[in-house]
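Participant: Starting off with a structure, shown below.
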Amino acid sequence: MILDSLDNVKHYRSLNERIKKGFEFLEEIDFETIEAGKYNVDGDDIFAIVSEYNTKEHPDAKPEAHERYLDIQYIVKGEEYIGYAPLEDQEVMVPYNVEKDVVFYHSELSLMKMSEGMFALFFPTDVHAPNMKIEESKPVKKVVVKILV
């Protein structure tokens, strides 16, 4: 897991070519004006989901992980807590759904505050629970870039 500002993306481009393309997409698009929806970056290898929502209560955020894709979660507007835990020794709550590439866990999480301009990069070995309110529920605009591993 990596948590940082998009201003520091130069440090992460060399991880691999797909991650580099994902970050280039985040740098090139004006997300202030783009509508919510799914956007093709490189076929099924890289795509982005733009969403707008209100942050939720912590118990409503379900810890999840993915096997086929890693996530770059980027905050365009607003702020939220996102929970994190390493995958090892986690108890499965809902088994892996191949179609949706997600498995849910019972997990104790460390909370990280994400603000505008920040991103979190979650690998398949990272359990994460996004969209949690900080003090009260507030609107957030977020981009999740899904990158095939």
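Each value in this text was obtained by applying a stated rule to the coordinates, not by laboratory testing. Just so it is clear, the structure is predicted and the values come from calculations on it, not from any experiment. Virtual Cβ from ideal backbone geometry, glycine too; neighbours counted across all protein chains shown.
Participant: Among the residues of the stretch 25-56, count how many are farther than 13 Å from residue 143 by Cα, surrounded by 10 or more Cβ atoms within 10 Å (Cβ to Cβ) and over 15 Å from the mean Cα position of the chain (by Cα).
Facilitator: Qualifying residue count for the region: 5.
Participant: Turning to a different aspect of this structure: Give all pairs with beta carbons closer than 7 Å in which a residue from the stretch 1-26 that is at negative phi and among the small types (Gly, Ala, Ser) meets a residue that is surrounded by 15 or more Cβ atoms within 10 Å (Cβ to Cβ) and part of a loop (DSSP other than H, G, I, E, B); count only pairs at least 6 apart in sequence or on separate chains.
Facilitator: Close Cβ pairs (under 7 Å, with a partner that is surrounded by 15 or more Cβ atoms within 10 Å (Cβ to Cβ) and part of a loop (DSSP other than H, G, I, E, B)) do not exist here.
Participant: Those residues that are under 17 Å from residue 109 (Cα atoms) and either touching a helix residue (DSSP H, G or I) at 6+ places or on another chain (Cβ under 6 Å) or in a strand (DSSP E or B) (or both), I need them from the stretch 52-72; list them, please.
Facilitator: 56, 64, 65
Participant: Still on this structure: Determine, yes or no, whether residue 75 is surrounded by 19 or more Cβ atoms within 10 Å (Cβ to Cβ), of a type outside the set (Gly, Ala, Ser) and closer than 20 Å to residue 58 by Cα.
Facilitator: Working: surrounded by 19 or more Cβ atoms within 10 Å (Cβ to Cβ): yes; of a type outside the set (Gly, Ala, Ser): yes; closer than 20 Å to residue 58 by Cα: yes.
Taking the combined requirement at face value, the residue satisfies it.
Participant: Look at residue 73 and say whether it is over 15 Å from the mean Cα position of the chain (by Cα) and touching a residue at least 12 places away in the same chain (Cβ under 8 Å).
Facilitator: On the way: over 15 Å from the mean Cα position of the chain (by Cα): no; touching a residue at least 12 places away in the same chain (Cβ under 8 Å): yes.
Spelling it out, it is not the case that residue 73 is over 15 Å from the mean Cα position of the chain (by Cα) and touching a residue at least 12 places away in the same chain (Cβ under 8 Å).
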